[in-house]
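Chemist: Here you go, one structure.
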Amino acid sequence: MPSGQKIIYAGTRDQKFFPELWTPQTYAAIRQLKLPVTVPDFSQAEATPENWRRLFSGATAIITTWQSPRIDRDILAAAPDLRIVGHAAGSVADYVSAELFDAGVKVTSANNDMAHAVAEWCLMGALMGRRNVLSYTRFGGLGQLDFPGRNNCGSLHGATIGIWGFGAVARHLTAMLEPLLPANILISSSHLTPGEAKVLGFQAVDLDELLRQSDVIFTLTGLNAHSRGRLGRERLSLIRDGAVLVNGGRGELIDENALYSALAERRFTAVLDVYHQEPLPPDSPLLKFSNVILTPHNAGFPSRHGYIATILEEIDRCFRGQELR
């Protein structure tokens, strides 16, 4: 690595997720790449704008993560030689500013690692839902091992798959689904034209048509004013009987009160990792339905141990003048 580089980790040791990011893989990458990374010596309570600016003074690379400060013009003024910001998490939206791009600072993230893990969870949920494991399986001493009812199961082979949204998670997911031989994959996304979908082997449809036709529905679109609560009572009623609704995106994509009513009809199975309120309250109606599989917003967690290593590799490429991944 070229000498004279200053790399700052924009997080503190007392954050609860620090051990999840600073893993043996992280330290191995630091040793292998010979990168000098500075971790703040102050606590999260002491993470004031003044302390951040002092720490970032002269930085050539900054590693951000959850709860990091936004890298804006004030920080750029303190670090005029900044060359790259790497986000050791998913979306960079809350942590970088337009000034970075104007200044020619490169921005990268570990979103691809996270997307693969979330897609893996989505596949798990689809398989469990499509196989209808809730109706005949015994898990950890709970449920009933129902041999007479063992034929009450389906497959992704020959199924119609619907994906609302076409970002990184969806791209990983479609690659995972391909060898399982679904009949077809429907995509509803403003980021994918019908022509582009056809080239990829998919069919672009509107959301209502996707809900009507799909045996398995993945909600993976971004959360914004247009998508928030878009799966309300009317759209949930379009879901066909026996379908599986898998939400690994954002809880607020679905109107939760409308979901309670739809689940009470027992027409479809829901597999959920995200919710309007987290942790899920102990009195949540979702805990009472027998046609629901719930996980604690951990779809992307298996990838966390490698986020900083991924960013360090990107920083090393930047310093060497190589193209970023």
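Chemist: Check off (1) more than 22 Å from VAL274 (Cβ to Cβ); (2) among the polar types (S, T, N, Q); (3) open to solvent by less than 10 Å² (accessible area, probe 1.4 Å); (4) within 20 Å of the chain's Cα centre (by Cα) for THR65 and give me the number that stays unchecked.
Modeler: Checking THR65 against (1) more than 22 Å from VAL274 (Cβ to Cβ); (2) among the polar types (S, T, N, Q); (3) open to solvent by less than 10 Å² (accessible area, probe 1.4 Å); (4) within 20 Å of the chain's Cα centre (by Cα), the one that fails is (1).
Chemist: Also: Keeping to segment 84-135, report how many residues are open to solvent by 60 Å² or more (accessible area, probe 1.4 Å) and assigned to a helix (DSSP H, G or I).
Modeler: Matching residues across segment 84-135 total 9.
Chemist: Does GLY229 count as out of contact with any Leu (no Cβ under 9 Å at 6 or more places or on another chain), at pLDDT 95 or above and on the phi > 0 side of the Ramachandran plot?
Modeler: Criteria not met by GLY229.
Chemist: Another one. For segment 185-196, name all the residues that are modelled with pLDDT of 95 or more and aliphatic (A, V, I, L, M).
Modeler: ILE185, LEU186, ILE187
Chemist: Residues in segment 25-35: is at least one free of Cβ contacts under 8 Å to residues at least 12 places away in the same chain and not hydroxyl-bearing (Ser, Thr, Tyr)?
Modeler: Yes: segment 25-35 contains one or more residues that are free of Cβ contacts under 8 Å to residues at least 12 places away in the same chain and not hydroxyl-bearing (Ser, Thr, Tyr).
Chemist: With in contact with a Lys or Arg (Cβ under 7 Å, 6 or more places away or on another chain), among the aliphatic types (A, V, I, L, M) and over 30 Å from ASP94 (Cα atoms) as the only criterion, which of VAL205, VAL216 stands out?
Modeler: Result: VAL216 is the single residue among VAL205, VAL216 that is in contact with a Lys or Arg (Cβ under 7 Å, 6 or more places away or on another chain), among the aliphatic types (A, V, I, L, M) and over 30 Å from ASP94 (Cα atoms).
Chemist: On to the next question. Which of the numbered conditions does GLY129 fail, given that it passes all the others? Conditions: (1) within 30 Å of ASN112 (Cβ to Cβ); (2) small (Gly, Ala, Ser); (3) touching an Asp or Glu at 6+ places or on another chain (Cβ under 9 Å).
Modeler: All conditions pass for GLY129, except number (3).
Chemist: In segment 236-248, how many are without any contact (Cβ under 8 Å) to a residue 40 or more places away in the chain and surrounded by fewer than 19 Cβ atoms within 10 Å (Cβ to Cβ)?
Modeler: Adding up the residues that qualify gives 4.
Chemist: Okay, next question. Quick one: would you say ARG138 is closer than 19 Å to VAL271 by Cβ, basic (Lys, Arg) and either modelled with pLDDT of 95 or more or open to solvent by 20 Å² or more (accessible area, probe 1.4 Å) (or both)?
Modeler: yes
Chemist: Could I ask something else about it? Go through (1) out of contact with any Pro (no Cβ under 9 Å at 6 or more places or on another chain); (2) without any contact (Cβ under 8 Å) to a residue 40 or more places away in the chain; (3) closer than 20 Å to GLY306 by Cβ one by one and return the number of the condition TYR95 breaks.
Modeler: Only one criterion in (1) out of contact with any Pro (no Cβ under 9 Å at 6 or more places or on another chain); (2) without any contact (Cβ under 8 Å) to a residue 40 or more places away in the chain; (3) closer than 20 Å to GLY306 by Cβ is unmet by TYR95, namely (1).
Chemist: Next question. Quick one: would you say LEU287 is loosely packed, with under 15 Cβ neighbours inside 10 Å and assigned to a loop (DSSP other than H, G, I, E, B)?
Modeler: no
Chemist: Listed residues PHE147, PHE166; which is open to solvent by less than 30 Å² (accessible area, probe 1.4 Å) and over 17 Å from ASP215 (Cα atoms)?
Modeler: Only one candidate qualifies: PHE166.
Chemist: Another question about this same structure. So how many residues does segment 181-196 have that are open to solvent by less than 60 Å² (accessible area, probe 1.4 Å), among the hydrophobic types (A, V, I, L, M, F, W, C) and either more than 22 Å from the chain's Cα centre (by Cα) or under 23 Å from ARG130 (Cβ atoms) (or both)?
Modeler: Result for segment 181-196: 3.
Chemist: Something else now. Of these, GLY251, GLY222, GLY300, which one is open to solvent by less than 50 Å² (accessible area, probe 1.4 Å), closer than 24 Å to ARG130 by Cα and without any contact (Cβ under 8 Å) to a residue 60 or more places away in the chain?
Modeler: GLY251
Chemist: Given the structure, is ALA93 within 24 Å of the chain's Cα centre (by Cα) and either at pLDDT below 95 or on the phi > 0 side of the Ramachandran plot (or both)?
Modeler: Yes, satisfied.
Chemist: Does any residue in segment 132-143 that is aliphatic (A, V, I, L, M) come within less than 9 Å, Cβ to Cβ, of a residue that is modelled with pLDDT under 95 and assigned to a strand (DSSP E or B) six or more places away or on a different chain, and which pairs are these?
Modeler: VAL133/PHE139; VAL133/GLY143; LEU134/GLY143
The values are calculated or read from the model by the stated rules, or taken from the named source; none is laboratory data. Everything numeric in this text was worked out from a predicted model, so none of it was measured. Every residue, glycine among them, receives a Cβ derived from its backbone with ideal geometry; neighbour counts consider all protein chains shown. Please note that ligands, DNA and RNA were not included when accessible areas were found on the heavy atoms of the full protein model with its side chains. Shrake-Rupley method; radii C 1.70, N 1.55, O 1.52, S 1.80 Å.
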